[in-house]
Amino acid sequence: MDSIKKKCENCLSMNKRGVAHYTHNAAVMSTIGNDPNIALDFEMYRAKTNEDEKDEGEFTAALRLLNRVVHEHPSLIDIVVYDALACNLVFIKECQKLGIDAIVRVKKTNNISLKEVKRATNKTDSVLKFIEDGYVIEVYESFFYMNDMEEPIRYIKYAKEKKDSDETKRTQMLIITTCMDMKLETLYRIIKARWDIENKTFNNLKNNAHLSHCFIHGGNAVEGILYLLFIASNIFQLFKIRRLRNSNKNQKELARLLVKGMYTLKRRKEIIFNSA
Ligand SMILES: [Zn+2]
């Protein structure tokens, strides 16, 4: 949500080539895995209150969101999955405090205990080999203590290899997790499903629900509009996936058919809209 003209006291500001851009950003929590992927809640980044401060970043807003959702909906969440932004002690401790498990991507890290376990794990033998999506995946696993933590956590490396006609593609995926007993294949599927948030949920919200446009500034209007967008999008997803199982039409086309159906309904009461 970006504007160079409209703004309010809650706007975050960013300087792009000398021009001030005003935005409202939010951290969003959504379900992953099997459809439908429902957006559960969001938390706005707080803007700086004076020039000496900085606007709040994603991680701080995300922690507040996690706390709120866990307290407002006890026992709704048992595992939270996050990208490498949350690969730190603060996040792991927060999850333990809230009584939920964490699965977090590992990328480049400055954490010394994590660096050590990375190096040590590279020298071990693989503990499991499985095949998924055409990849042969070798799994390496270690348990370690992150900084001053009293309980160990798991570090896992998935080394992936795929043979295309003439070349071999190799990638790897690293995670840490507090899920001590979960199967390695399951953890892999969960972290992979996290990409769905970008690919499905947010793509859909941006392309079909105007999420990237800031309609209004000031007061609680931004939050109000966001709640409306998320509620409408969630209900639509549920309708599409649970009622129209075999439909391959996209959301825009379905919305058009619904509007058309409602228009027809006005004229001929015996026709309830065609479920396409
Ligand atoms: Zn604003």
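Annotations for the structure displayed:
- Amide H within-cut-off set for Asp41, under 5 Å, with H built and near neighbours excluded: Met29
- Computed over the chain with a Gaussian network model linking Cα atoms closer than 10 Å, the most mobile of Glu253, Glu185, Glu94 is Glu253.
- For the stretch 52-87, GluC sites (Glu not before Pro) are listed when DSSP marks them as loop and at most 15 other Cβ atoms sit within 10 Å of their Cβ; the list is Glu53.
- Convex hull of the chain built on C-alpha atoms - directionally averaged projected area, nm²: 21.0
- Compactness index (Cα Rg / 2.2 N^0.38 Å), the stretch 1-124: 1.30
- Once you reduce the stretch 113-148 and the stretch 151-202 to the center of their Cα atoms, the two points are 11 Å from each other.
- Among the lysines of the stretch 84-182, pairs at least eight places apart or on separate chains and with Cα atoms under 12 Å apart come to 9.
- The Cα-based radius of gyration and maximum Cα-Cα distance (Dmax) for the stretch 84-182 are 14.7, 50 Å.
- Of the trypsin sites (Lys or Arg not before Pro) found in the stretch 221-269, those that fall in a DSSP loop while having at most 13 other beta-carbon atoms within 10 Å are Arg245, Lys249, Arg268, Lys269.
- A DSSP coil position with no more than 16 other Cβ atoms inside 10 Å describes the following trypsin sites (Lys or Arg not before Pro) in the stretch 1-76: Lys5, Lys6, Arg17, Arg46, Lys48, Lys54.
Just so you know, all these numbers are worked out from the coordinates, no wet-lab data involved. Just so you know, these numbers come straight off a predicted model, no measurement behind them. A quick note on method: Cβ atoms are made from the backbone with ideal geometry, for glycine too, and the neighbour counts reach across all protein chains shown.
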